Amino acid sequence: MSIIVTPEPGEATGEVAEIYAEDIADMGYVPSHTRAMATNPEAYRAWENLIGAIARPMDKRRYELITLAAAGALRSKACRLAHGKKSLKFISENELVRIARDYHDAGLSAAEVAMMEFAEKLSTDSAEMTDADSTTLREHGFTDREIVDIALAAAARNYYSRALHALGVEVDVPSGLSEPLRSALVDTL
């Protein structure tokens, strides 16, 4: 549990109340990660703008696969669960369970596997990355812009997940996740 004291949704005021209201409208509740990060509402809004600028031009399935790979490498249960739920808009539950358990054996395209491996390496050993890592993406058909977007999506997940870890933010399990999917997303972390 985080030591960060946050207002209850009914007690929040100003920009924090607006941020909370957006999550309530979207998800029906205010997740712990929103409550903690909204402690600095200006930074929270900057984060939302940044992640929007990164994700908006990307294929949504691709963005979620990169996010799941980075969150998995970081052992971020909060991000794996939240983005597991979001991924259901673009990936069937059966496929998502397979991806979460072992994306190398989930029937993904070689390009999808390559970008997930890139996101994992960025999240665990970025100082050892070389042009060879980006070249692998190029060999799978990614353009310069797509390679940059893959790197930015994975790096952004590192920022957010690491902040949640550092603050000891409680992990929320989104409603509507089946037990097999929840288990696949977090039991190996």
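The values are calculated or read from the model by the stated rules, or taken from the named source; none is laboratory data. Computed from a predicted structure; not experimentally measured. Every residue, glycine as well, gets a Cβ built from its backbone with ideal geometry; the counts of neighbours run over all protein chains shown.
Here are the numbers for the structure shown:
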| item | result |
| --- | --- |
| Residue satisfying condition, being of a type in the set (Ser, Thr, Tyr), surrounded by fewer than 16 Cβ atoms within 10 Å (Cβ to Cβ) and within 15 Å of Lys60 (Cβ to Cβ), within set Ser92, Ser126 | Ser92 |
| Leading residue by the ranking (surrounded by the fewest Cβ atoms within 10 Å (Cβ to Cβ)) among those in segment 11-54 that are of a type in the set (D, E, K, R) and farther than 18 Å from Leu167 by Cα | Asp26 |
| Residue within segment 113-133 that is of a type in the set (S, T, N, Q) and over 26 Å from Leu50 (Cα atoms) present | no |
| Cβ-Cβ under 9 Å pairs, at least 6 apart or on other chains, segment 50-66 side at pLDDT 95 or above, far side among the polar types (S, T, N, Q) and not in a helix (DSSP H, G or I) | none |
| In segment 100-123, residue surrounded by the fewest Cβ atoms within 10 Å (Cβ to Cβ) [restricted to those that are within 19 Å of Leu185 (Cα to Cα) and among the hydroxyl-bearing types (Ser, Thr, Tyr)] | Tyr103 |
| Hits in segment 145-180 - residues which are among the hydroxyl-bearing types (Ser, Thr, Tyr) and under 13 Å from the mean Cα position of the chain (by Cα) | Tyr159, Tyr160, Ser161 |
| Matching option when the condition is farther than 19 Å from Ala153 by Cβ, out of contact with any Ser or Thr (no Cβ under 6 Å at 6 or more places or on another chain) and not charged (D, E, K, R), among Ala53, Ala46, Ala69, Ala17 | Ala17 |
| Check on Lys60, among the basic types (Lys, Arg) and surrounded by fewer than 19 Cβ atoms within 10 Å (Cβ to Cβ) | yes |
| Yes/no for Glu8 being of a type in the set (Asp, Glu), assigned to a loop (DSSP other than H, G, I, E, B) and loosely packed, with under 14 Cβ neighbours inside 10 Å | yes |
| Unmet requirement for Ala166, which otherwise passes all of (1) under 26 Å from Ala43 (Cβ atoms); (2) without any contact (Cβ under 8 Å) to a residue 12 or more places away in the chain; (3) surrounded by 14 or more Cβ atoms within 10 Å (Cβ to Cβ) | (3) |
| Residue that is in contact with a helix residue (DSSP H, G or I) (Cβ under 8 Å, 6 or more places away or on another chain), within 26 Å of Val97 (Cα to Cα) and of a type in the set (Gly, Ala, Ser), where the choices are Ala12, Ala43, Ala36, Ala71 | Ala71 |
| Contacts under 6 angstrom Cβ, first residue in segment 171-189 being within 17 Å of Met27 (Cα to Cα), partner assigned to a loop (DSSP other than H, G, I, E, B), 6 or more apart | Asp172/Pro31 |
